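In what follows, a structure is listed as structure tokens, so that the remarks can point back to it.
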Amino acid sequence: MTAAPQQRFCVSADRVYRRRVSRPRKVGLTVGVTFAVAILVAAVALAGFKPAVTYPVGSYPADTVIADFSGDGNADRAVSNWGDDSVSILRGNGKGAFGPAHDYPAGLRPLGLLVGDYNSDGRADLAVANYRPAGVTILLRTASGFSSRQYPTGSGSAQLASGMLTADKRPDLAVSNGGAWTVSILRGQADGEFTKIDDLYASAFPAGLAVSDMDRDGNQDVVVLDEAYSYQSRIAVFLGRGDGTFRPPPPINTWAGGFATEIVVGPFDGDSIPDVAVTDPRADTVNVLLGKGDGRFRARKEFAAGDAPSDLALGDFNHDGSADIAVSNSHGPGQISVLPRRPGFDFGGPNPHPVGDQPVGLAVGNLNGDRLPDIATANWTGTTSVLQGN
């Protein structure tokens, strides 16, 4: 275990949600819709996507993922609902449309979601980060719904990442704990159980989280985006040894932006070295940092990303073989923005696409079987939107 820092502070729910809904507005939560009429957010499709369709879910949706939870071969949706301690499952029909939300208990104050087959039965399961009481809820898919297991981690659990962090080659979990300034490592077992084996100490409030082989040694590493007191966000890479233990990051971490909140790993300059992109909602940018291949990064390059970008994901939205960036714009009119990759180390846009009001969580996947990337959002005002790619 790495040495613990001397300072601690109690992270409030407001601090957790500034990472999802920066510059928040007062929002009425009454959603006067029924499932019989899904909301058409845009009357005319913008280039690349059909008009967004929005569906009601639970209270204060925070995150969303895409997987086949019903086992029928069609993509379904899961949405975490902070306000009523549930996860909504929306069953897809294989053509991009979804049935009414079915809610399942998901522990208190659910935030981040992650999909995996945690008990090796061929079904899609869910991992849920619970802010209060801090921990992870594992929802194992059954014939009639989900069975639930809970595991304590550290104070203020918010984000999840998964990878083969130990030698048994089963999916393990990394969990960010904002109140403890830690990232907990949970070893996965064949029956879907998890055991906490270590805490990695971040230098400040850990926000974004990713798992990838950043130094290309064959072992999975943990990438942590943290928020310092001075509103300067940093990236620290804990290099994995392949046995569930990690080398501490260098004393001088990489500056990622003024208030960066989410992180994704991807190939952004055409070489084989992993790079990262982060959202900075205060600067209205996505900041891209090219990897050096040893867990360190070159200086960031900033790209305009619309109003208060919150979450982000990758997809080839213009079908040129390169990874583009999609972000949820959590302030102003409900929209997501797409930053198309350009030749070299460059991104265009941002190209806006209307969705439901205050989108905070975002996922990319194939929702209608046409092999084109689609986008789904979790909207803080009690809905979830779907943008089908043209």
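The values are calculated or read from the model by the stated rules, or taken from the named source; none is laboratory data. What you are looking at is a predicted structure, and each value in this text was computed from that prediction instead of being measured. With ideal geometry, Cβ positions are generated from the backbone for all residues, glycine too; neighbour counts draw on all protein chains shown. All accessible areas refer to the heavy atoms of the entire protein, side chains included, with ligands and DNA or RNA removed. Shrake-Rupley method; radii C 1.70, N 1.55, O 1.52, S 1.80 Å.
Each Lys or Arg adds one and each Asp or Glu subtracts one; over the other residues with Cβ under 11 Å from the Cβ of I273, this totals -2. Simple point charges give the picture: +1 on the Cβ of Lys and Arg, -1 on the Cβ of Asp and Glu, and for the chain a dipole about the Cα centre of about 780 debye.
May I ask you to give the percent of accessible area on the chain that is carbon plus sulfur, with a probe radius of 1.4 Å? Mind dumping the intermediate values first?
Numbers: 7570 of 14550 Å².
Carbon plus sulfur share of accessible area: 52 percent.
Between D191, D85, D346, the GNM of the chain built on Cα springs shorter than 10 angstrom shows D191 fluctuating the most.
If you take the Cα centroid of the stretch 232-292 and the Cα centroid of the stretch 120-136, the two points sit 24 Å apart.
Considering only N368, I325, A304, whose Cα is most displaced toward the positive end of the charge dipole of the chain, charges sitting on Cβ of Lys, Arg (+1) and Asp, Glu (-1)? The residue sitting most towards the positive pole is A304.
Which one, W181, T245, V276, projects farthest toward the positive side of the charge dipole computed for the chain from Cβ point charges (K/R +1, D/E -1)? Ranked along the dipole, the leading option is W181. Rounded to the nearest 20, the size of the Cβ-charge dipole of the stretch 75-131 about its Cα centre is 220 debye, with Lys and Arg at +1 and Asp and Glu at -1.
Express the relative contact order of the stretch 104-154 as a whole percentage, based on alpha carbon pairs under 8 Å and six or more residues apart in sequence.
Working: 99 pairs, mean separation 15.4, N = 51.
Result for the stretch 104-154 is 30 percent.
When the Cα gyration tensor is reduced to axis lengths a ≥ b ≥ c, the ratio a/c is 1.5 or higher for the stretch 109-177, and with a/b not above b/c it is classed as oblate.
Starting from the exponent 0.38 and prefactor 2.2 Å, build the expected Rg for the chain from its residue count and divide its actual Cα Rg by it.
On the way: Rg = 19.3 Å, N = 390, 2.2 N^0.38 = 21.2 Å.
It is 0.91.
When the chain is treated as a Gaussian network with alpha carbon springs shorter than 10 Å, the biggest mean-square fluctuation among S80, S310, S184 belongs to S184. When only Cα pairs below 8 angstrom with a gap of at least 6 residues are kept, the stretch 300-390 shows a relative contact order of 23 percent. Among V286, V223, V115, the residue with the largest mean-square fluctuation in a Gaussian network model of the chain, with springs joining Cα atoms closer than 10 Å, is V115.
Computed from the alpha carbon positions, the gyration tensor of the stretch 37-175 leads to an equivalent ellipsoid with semi-axes of 27, 18, 14 Å, biggest first.
Find the relative contact order for the stretch 165-301 and round it to a whole percent, using C-alpha pairs within less than 8 Å whose residues are 6+ positions apart.
Over the stretch 165-301, the number comes to 17 percent.
Of the whole protein surface, K169 contributes about 130 Å² of accessible area at a 1.4 Å probe radius. Summing Cβ point charges (Lys, Arg +1; Asp, Glu -1) relative to the Cα centre of the stretch 278-390 gives a dipole of roughly 420 debye.
Computed over neighbours whose Cβ is under 10 Å from that of D168, the net charge equals +1, Lys and Arg +1, Asp and Glu -1.
A straight Cα-to-Cα reach below 19 Å connects K95 with the aspartates and glutamates D68, D72, D76, D370, D374, residues fewer than 8 places away in its own chain not being considered. Accessible surface computed residue by residue for the chain, with neighbouring protein chains in place and a 1.4 Å probe, gives 37 Å² per residue.
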